[in-house]
Structures are given as C-alpha cells and as structure tokens.
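Some notes on the structure that comes next.
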Amino acid sequence: MSPDPAPETGTATGTGPGPDPKRRVSTDVLVIGAGPTGLMAGAWCAKLGIQSLVVDGKAGPTRESRALALQARSLEVYRQLGLEGEVLARATPATGVSPGYGHRTLGTLPLDRVGRGLTPFPGITVFEQSANEELLADHLARQHRPVAWGTSFRAFAETEAGNRSSNRPSAGRPVTVDLESPGGPVRVTARYVVAADGASSAVRSALDVAFEGATHRFEFYVLDAHGVTGTEPGITVRISREHFMLAFPMGRDGRGGARARLLGILRAEDRTGPRPEAGAGPSTRPAADAHDETRARESLAGEFGVRYAGTDWYSTYRVHHRVAAAFRSGSVFLAGDAAHIHSPVGAQGMNTGLQDAQNLVTKIADVLAGRAPEDSLDRYEAERRPVALTLVRTTDAVFGAVTSASAGARLLRSLVFPAVAPLALRLVPRSPAGGRLFGYLSQIRIHYWMPGTETEQSGGRRRRRGRVLGRRLPWVPEAGDPGVDNHEALTAAVWQVHAYGPAAVGPARQLAERHRDKARTGGAGTATTAAGTPAAGGAGPASGVGSGPPVFTFRAAPEARLPDGTAVLVRPDGFVAELVSPR
C-alpha cells in the first residue's frame with residue numbers, strides 16, 4: 001500500500017504513487033519482500049482492513065522461479081481472499097503422481113481420488129511462483145495498495161536516544177526502518193514488520209538471528225522445457241541408482257507439444273565450472289550453464305527416457321535445509337524463505353510461506369482490534385516454527401534417501417523401491433493411509449496446540465493431537481451438492497462459531513457468548529461482519545447470539561468427525577480454536 005501524500009508525514013492508506021523519500025511514512029504493517037509470502041501478507045492486510053505497505057528491491061514480480069505447485073491448503077487460503085477462481089483459470093491441474101525407476105513408470109497415485117471428500121481442491125495445482133506473484137500484485141493494485149517496487153531494506157533506524165534498534169526491537173513498540181527507494185532514502189515507522197525478503201534475508205541478518213541448518217553438497221538443476229516426451233500426465237517422479245528427476249506439467253507449448261518443469265541433481269561428475277555460492281540465486285554463468293544444461297539433457301534422456309525439444313529457462317542452485325532460530329524479534333517477524341528453506345521435494349516451500357503470512361496477519365489483526373493481547377503474537381512462532389522444523393526434517397530425510405551415494409541407499413533405490421512401489425500404489429488409495437498421505441502432502445493435517453484447551457505435555461507424556469481441535473476446519477460439503485460447503489463461511493475471515501446438527505445449536509450459542517470479545521472490531525476490523533451474517537448455501541446463523549461472533553449452522557458430519565451436537569470456535573485463518581463435543 002502506498003502512503004498518502006502529506007506536507008510532512010505520510011500514512012499508508014492505499015492511495016498515492018509510492019513512498020516519498022522526502023517524507024516519513026507511518027503504517028501499521030511494513031512488509032519487506034514481495035515474493036509470494038510478502039504479497040500474501042499484503043493481501044491479508046487488505047482483507048482485514050489493516051494499513052500496510054509492501055516493498056521490494058526488485059523492479060517487479062519474478063520472471064523465473066523454482067517454486068511451482070500449490071497444495072490444497074494454499075488454495076483454501078486463496079479462496080478466503082476470493083482469488084481461487086483466478087488461480088484455477090490460469091493453473092495446470094496435476095491429479096496424480098507417477099513414481100518410476102529409470103525409464104519405467106511403476107504406477108500412479110491418484111491424488112484427486114485419495115483427496116476427494118477432504119478438500120474442495122484435491123490434487124496438486126501447478127501454478128509457479130512468478131504466476132502467484134503476478135496474481136497477488138495485481139490484486140493489491142486493484143485494492144489501491146500497489147507494491148513499492150525498487151524499494152529495499154537498508155537498516156533499522158537509530159532511535160532518538162541514538163541507539164540502533166537492529167538486534168532486539170522491543171515487542172509492542174513501533175519499529176523505524178530506513179529504506180532505499182528509486183527517489184532516495186525513505187524512513188518508515190510501523191507497528192509491525194514482516195520480513196519476507198528471502199533466504200538471504202537482510203532483515204534476518206540485521207536482527208542477528210541465526211539461520212540454523214546445512215547446505216547440501218549437491219546442486220539442483222531446474223529447467224522449463226517444451227516439446228517434452230517420456231513423462232506422465234501428472235507429476236512424474238523417477239529415480240535410478242545414481243540420479244532422480246521430478247517433472248511437473250505446465251500445459252501445452254503452442255506447437256502441440258507438452259511443457260514441463262524438470263528438476264534433478266548435478267553430481268560432481270555431471271558438471272564443470274565453479275559452484276554457485278551457498279544461498280545464491282539462479283546461476284549467471286552462461287558458458288558453464290550451457291554445458292551443464294547439456295549434461296542435464298543427457299542425464300534425463302539416458303537415465304529416465306525423458307527428452308525435450310528446447311528450454312525456455314535453465315538454472316542451477318544449491319539445496320539448503322535451514323530454519324531461523326527465532327521467528328520473532330520484538331515487533332519484527334520472519335516469514336517464508338527468510339524463516340525456513342529446504343529442498344523442493346514434496347512441493348512444500350512456497351505453500352508454507354503463504355500460510356505463514358495468513359497465520360501472522362490474522363494474529364496482528366486481532367491485536368490491533370483489541371481482540372487479543374500483544375503477547376498473543378508469540379503464538380506465531382509457537383505454531384509455525386514447529387511446522388517448519390518438521391518440514392525440513394522430513395524433506396531432508398527424503399532428499400537424503402534419493403541422493404545418497406552409500407551402498408545401502410543405492411541398493412534401496414535400485415532393488416527395493418522398484419519391487420515395493422507397484423504394490424504400495426495399488427493398496428494406498430484403497431486404505432485410510434491414502435487420505436492420511438494426502439493430508440500431509442496437501443498440508444491440511446497441520447496441527448497447532450491451542451492455549452487454554454490442550455497442552456503439549458501431560459503427566460510427562462506427550463498428549464495425542466486432536467483430530468479436529470487445533471487443525472484446519474474439516475471440509476463439509478452439503479449432501480448432494482459439493483459446491484456448497486462450510487468453508488464458504490470462512491471467506492468472511494472473522495472469528496465464528498459453527499454448530500453441526502440441531503443438537504449443537506444451544507452449545508454453539510453458549511460458546512459464542514463465552515467469546516464475545518472475539519467480535520470486537522477496534523481499529524482493524526473494517527473487513528469483519530456482524531453477527532447474523534448468512535452462511536453459504538442457505539445454512540443460516542443461529543439467532544440470539546447478541547454481539548458475539550456469528551454462529552453458523554450446518555448438517556451433522558460424522559464422516560468429518562463433526563457429529564450431531566458438535567460446536568466449534570473457528571479462527572479467521574480457518575483453524576479450530578475450541579471444540580465442544582456431543583454429550
């Protein structure tokens with residue numbers, strides 16, 4: 001959002017040409033970095049009526065990108081913004097994953113089938129990083145909140161006492177940041193700063209927050225190819241004794257052929273020239289890249305039978321597995337790649353950043369509106385850092401298994417995997433394991449410990465995670481009409497209570513009464529709705545709720561663990577904060 005012109009100071013209000021370097025600018029939220037995470041943070045600020053400013057040192061959205069796929073949970077987040085239609089219209093669906101060994105496909109896991117009934121978006125949606133950035137930047141422009149391109153972070157400004165507030169900005173106190181814009185320096189004072197400035201985050205460095213982890217010794221190549229043959233219609237995963245390959249469909253190439261994003265490993269014997277530095281972006285060594293691209297082409301054809309007519313883009317990069325030691329430093333928060341990076345195995349990284357943004361901004365909105373105290377923002381790190389740690393741990397393990405040069409790993413890849421995979425691909429879709437696997441891949445199984453309702457430890461033993469409490473609200477389509485569902489109510493992005501079945505109406509009213517404070521709008525609630533807002537598809541609100549959060553009634557859904565008599569308190573981000581079970 002750009003600041004409003006003023007004689008001495010500017011306030012980010014959604015009008016104007018961009019930050020004026022001759023003035024100071026004030027805003028509620030300063031977002032540094034306009035990749036998918038930062039732009040999603042800006043979009044949620046717009047959704048919730050929060051004054052914000054999004055800046056990035058680039059001239060505009062990324063043209064080439066490594067991140068490629070959206071999982072179901074991210075599409076649900078887009079739906080809350082009303083943007084899922086635009087995404088789906090421009091994206092390429094991938095309804096299945098086809099593992100293979102060498103030139104052989106061993107079967108297909110039908111993601112659309114195993115995910116059916118769990119989300120309105122089963123499968124994986126191929127929608128690359130650059131497309132996400134373009135869509136979200138255009139959305140912000142339509143909201144009169146254009147990104148301030150060409151504007152980069154310089155430093156945290158010195159306070160009036162002469163101390164530079166770089167290492168430990170104080171919680172609850174505004175942060176003053178010096179930026180460099182096309183017209184010169186500009187100083188911004190913000191209640192909160194969201195640092196979404198990537199793996200080489202300047203903000204994280206200024207805060208002196210450690211980026212813990214390691215850099216893998218191998219490099220990835222990534223290329224966008226046209227005229228591709230030898231891959232399956234969905235996502236193709238192939239391994240061999242020495243190599244592995246991922247292929248994501250990207251539609252047709254205009255010549256009648258297939259386009260695909262192809263990724264794999266360049267081992268030491270596959271490449272020449274110096275390695276890119278750790279943390280470096282796409283390589284800029286044209287001669288070496290041309291040779292490496294030839295080696296990648298030879299590997300794809302020889303190892304996996306995958307060929308292509310030509311490339312639209314080629315790059316190499318190092319693979320990291322790192323998580324920031326802290327996601328919060330006073331009023332500054334790290335999100336996306338600034339907080340965590342890992343291998344592209346599983347297509348999880350961009351999705352995790354998009355959900356970081358939603359989680360954080362909804363919490364900031366609660367604090368600004370008086371619905372929650374300042375220290376509730378500690379929940380951002382408490383919820384999202386464990387997700388990042390788990391993700392890094394699992395992707396590191398998978399990446400290690402497919403790249404290890406040990407004799408055992410080679411034996412596993414060359415003998416065990418080809419023998420076991422066909423049987424597993426037949427059994428998994430028919431068993432509960434299929435839905436569970438899809439839940440992990442799609443990120444709809446993420447769990448947060450909810451304060452005041454459950455604890456992580458009980459009597460020295462870890463408690464069992466709730467199946468509904470602390471998770472994203474289970475999806476419940478109306479009987480006979482999957483186009484009408486309970487997630488439509490979530491597009492209001494407010495605290496709300498749901499009653500499942502007639503026996504839940506009374507408990508739901510009581511639950512709403514206990515949480516009357518969640519209906520406060522304060523100064524950041526311009527996008528909230530009043531109690532009694534009609535739910536989607538004719539599911540109406542229960543009456544007599546007073547000034548508490550709105551109550552919506554839906555059919556009982558025992559198949560989604562919401563039997564008759566179940567009432568839930570749902571956060572603006574769609575997670576269940578409190579559960580009242582049937583008596």
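If only residues of the range 192-216 that are surrounded by fewer than 20 Cβ atoms within 10 Å (Cβ to Cβ) and closer than 21 Å to Asp378 by Cβ are counted, the one that is nearest to the chain's Cα centre (by Cα) is Glu212. Restricting the search to the range 464-507, which residues are over 30 Å from the mean Cα position of the chain (by Cα), at pLDDT 95 or above and either under 24 Å from Lys363 (Cβ atoms) or open to solvent by 10 Å² or more (accessible area, probe 1.4 Å) (or both)? If the condition is that a residue be over 30 Å from the mean Cα position of the chain (by Cα), at pLDDT 95 or above and either under 24 Å from Lys363 (Cβ atoms) or open to solvent by 10 Å² or more (accessible area, probe 1.4 Å) (or both), then Pro502, Ala503, Val505, Gly506, Pro507 are the ones that fit.
Screening Arg252, Arg241 for residues that are farther than 16 Å from Ser315 by Cβ, among the basic types (Lys, Arg) and in contact (Cβ under 8 Å) with a residue 60 or more places away in the chain leaves exactly one candidate, Arg241. For the range 410-441, a tally of residues being over 26 Å from Glu212 (Cα atoms) and open to solvent by less than 70 Å² (accessible area, probe 1.4 Å) returns 18.
Restricting to the range 377-408, name every residue that is open to solvent by less than 30 Å² (accessible area, probe 1.4 Å) and either charged (D, E, K, R) or modelled with pLDDT of 90 or more (or both). Matches in the range 377-408: Leu377, Tyr380, Glu383, Arg384, Val387, Ala388.
Counting just the residues of the range 325-345 that are open to solvent by 20 Å² or more (accessible area, probe 1.4 Å) and more than 13 Å from the chain's Cα centre (by Cα), which one comes out farthest from Thr491 (Cα to Cα)? If we take residues in the range 325-345 being open to solvent by 20 Å² or more (accessible area, probe 1.4 Å) and more than 13 Å from the chain's Cα centre (by Cα), then Ala325 is farthest from Thr491 (Cα to Cα).
Please state which one of Gly574, Gly565 is open to solvent by less than 20 Å² (accessible area, probe 1.4 Å), in contact with a strand residue (DSSP E or B) (Cβ under 6 Å, 6 or more places away or on another chain) and either under 18 Å from Arg379 (Cβ atoms) or modelled with pLDDT of 95 or more (or both). Going through Gly574, Gly565 in turn, just one is open to solvent by less than 20 Å² (accessible area, probe 1.4 Å), in contact with a strand residue (DSSP E or B) (Cβ under 6 Å, 6 or more places away or on another chain) and either under 18 Å from Arg379 (Cβ atoms) or modelled with pLDDT of 95 or more (or both): Gly574. Starting from residues that are more than 17 Å from Gln71 (Cα to Cα) and of a type in the set (D, E, K, R), keep the ones in the range 127-156 and report whichever is least open to solvent (accessible area, probe 1.4 Å). Residue satisfying both the conditions and the ranking: Arg145.
If you take the residues of the range 71-115 that are within 27 Å of Trp44 (Cα to Cα) and acidic (Asp, Glu), which of them is surrounded by the fewest Cβ atoms within 10 Å (Cβ to Cβ)? Residue satisfying both the conditions and the ranking: Glu86. Residues that are among the aliphatic types (A, V, I, L, M) and under 16 Å from Phe244 (Cα atoms): does the range 417-430 have at least one? Among the residues of the range 417-430, at least one is among the aliphatic types (A, V, I, L, M) and under 16 Å from Phe244 (Cα atoms), which makes the answer yes. With respect to (1) surrounded by fewer than 24 Cβ atoms within 10 Å (Cβ to Cβ); (2) free of Cβ contacts under 8 Å to residues at least 60 places away in the same chain, the lone exception for Gly57 is condition (2). When the range 331-378 is filtered for residues that are among the β-branched types (Val, Ile, Thr) and under 14 Å from Ile50 (Cβ atoms), the ones remaining, listed by number, are Val361, Thr362, Ile364, Val367. Does Ala258 fit the bill of being surrounded by 18 or more Cβ atoms within 10 Å (Cβ to Cβ) and more than 19 Å from Arg295 (Cβ to Cβ)? Yes; evaluated as a whole, the condition is true for this residue. Answer yes if at least one residue in the range 304-319 is farther than 29 Å from Arg255 by Cβ and at pLDDT below 95, and no otherwise. Scanning the range 304-319, I find at least one residue that is farther than 29 Å from Arg255 by Cβ and at pLDDT below 95, so the answer is yes. For the range 335-350, the set of residues classified as part of a loop (DSSP other than H, G, I, E, B), hydrophobic (A, V, I, L, M, F, W, C) and either farther than 17 Å from Gly400 by Cα or modelled with pLDDT of 80 or more (or both) consists of Ala335, Ala339, listed by residue number.
For beta carbons closer than 6 Å, sequence separation of 6+ or different chains, a first residue in the range 293-307 that is closer than 15 Å to Phe244 by Cβ and among the acidic types (Asp, Glu) and a second that is at pLDDT below 95 and open to solvent by less than 60 Å² (accessible area, probe 1.4 Å), the qualifying pairs are Glu303/Ser240; Glu303/His243.
The values are calculated or read from the model by the stated rules, or taken from the named source; none is laboratory data. Being a predicted model, the structure only gives us computed values, none of them experimental. Ideal geometry is used to build each Cβ from the backbone, glycine not excepted, and the neighbour counts take in all protein chains shown. The area values use the complete protein model at the heavy-atom level, side chains included, leaving out ligands, DNA and RNA. Shrake-Rupley method; radii C 1.70, N 1.55, O 1.52, S 1.80 Å.
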